[in-house]
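These notes are about the structure you will find just below.
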Amino acid sequence: MKFVSYNIQYAKGKDGRFNLKRIAQCLAGADVIALQEVSRYMPMAPNEDQPQSLSDLLPEYHWVYGPALDVDGSGLNGKRVINKRIQFGNMLLCKTPIISSLTHPLPKQTLVDFPSHQRVALEGVISTDTGTIRLYSVHLSPNSPHERMLQVEALLQIHRAGKNGRQIWTGPGSWFQKHGRNQPPPAAEAVVMGDFNFEPDAEQYSQLVGEFDPIYGRVSSSDNFVDVWVRAGHDEQSGVTCPRCLENDTLHDMRIDYAFVSSDLAHHVHSAWIDDDAQGSDHQPIWFELTI
């Protein structure tokens, strides 16, 4: 299966133009897509429902959307309320049905000198030839290393709960069961994709993949994740997913977008690459293949 993760910066490209069509075009061929910074009616983006527009551009995909930011944007037409939500969040698209979905709020600090808004991990469960897996589209805080540490710990807790068979409903006699809907199967393994806003030498990276030992290298446990880029044969410090851009205060080329898999999926990693040609955002899409 081919996977891709892309922070689309609400479709604002390197040329300053907003163009969802070129976003959709560069995602062609993926079986699973994880997106970040997808907006609905955000003031800094065109007055557009981007999840719906992406669905129209990619009609062969099932999809779910998880807003991290959700505020009122409604108005009046005479005495009638025109309900509209201004939203900003993450999206998952898949060529197979997304069996169930959860939007997990991540910890947030109240920062004094920097803007800060709620972040989420959007979860979707899919079925593959080797069993069910959990997918996550994640976007961590850009401003605070401590906040990112809290968010990474929350991700690990979310994974442990899923690994231990967390169910979206429990107990007999559920309305869903009465109407012929079976309990979605648990999924022990996970694929976590997104914009993590840290580089590989950051403490948060070690938190996810294990501490670095000068003799043995990365020392991971079964509760840690595996960096797909490294597992596919690339050096930890190589790769650029967020090129230098003074406009966005990016002072050097960085690898801050990742795909991680739970330990039992590590041997399924086949390859990984970065689309250096994509122009639709200030980030580059990261692609990888799993033999599942």
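The values are calculated or read from the model by the stated rules, or taken from the named source; none is laboratory data. The shown structure was predicted, so the numbers you read here are calculated from the model rather than taken from an experiment. FYI the Cβ positions are ideal-geometry reconstructions off the backbone, even for glycines, and counts take in every protein chain you see.
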### Message
If I ask for residues that are among the polar types (S, T, N, Q) and farther than 15 Å from Phe225 by Cβ, which ones from region 143-161 would you list?
### Response
Asn143, Ser144
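Just checking, does region 7-19 include any residue being under 21 Å from Arg119 (Cα atoms), among the aromatic types (Phe, Trp, Tyr) and assigned to a helix (DSSP H, G or I)?
The answer is yes; a qualifying residue exists.
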### Query
Mind checking which pairs have a first residue in region 197-218 that is under 18 Å from Gln36 (Cβ atoms) and a second that is among the polar types (S, T, N, Q), Cβ under 8 Å, 6 or more apart or different chains?
Asn197/Ser141; Phe198/Gln204; Leu208/Asn224
### Query
Is region 164-172 home to any residue that is surrounded by 13 or more Cβ atoms within 10 Å (Cβ to Cβ), touching a strand residue (DSSP E or B) at 6+ places or on another chain (Cβ under 8 Å) and not hydrophobic (A, V, I, L, M, F, W, C)?
no
### Query
Quick one: in region 204-256, which of the residues that are of a type in the set (Val, Ile, Thr) and modelled with pLDDT of 95 or more is nearest to Ser141 (Cα to Cα)?
Ile256
### Message
Within region 30-45, take every residue that is buried (at least 21 other Cβ atoms within 10 Å of the Cβ) and of a type in the set (Gly, Ala, Ser) and give me the one that is nearest to Ser101 (Cα to Cα).
### Response
Ala34
### Task
Determine whether Leu135 is of a type in the set (A, V, I, L, M, F, W, C), surrounded by fewer than 18 Cβ atoms within 10 Å (Cβ to Cβ) and within 20 Å of Phe196 (Cα to Cα).
no
### Task
Sort through Pro67, Pro59 and tell me the only one that's at pLDDT 95 or above, closer than 28 Å to Pro185 by Cα, of a type outside the set (D, E, K, R) and touching a strand residue (DSSP E or B) at 6+ places or on another chain (Cβ under 6 Å).
Pro67
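One line per residue, one yes/no per condition, for (1) of a type outside the set (Asp, Glu); (2) crowded, with 22+ Cβ neighbours inside 10 Å:
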site	(1), (2)
Ala11	yes, yes
Lys14	yes, no
Ala28	yes, no
Asn47	yes, no
Leu57	yes, no
Asp72	no, no
Lys95	yes, no
Ser101	yes, no
### Query
Does any residue of region 186-197 turn out to be modelled with pLDDT of 95 or more, among the polar types (S, T, N, Q) and in a loop (DSSP other than H, G, I, E, B)?
yes
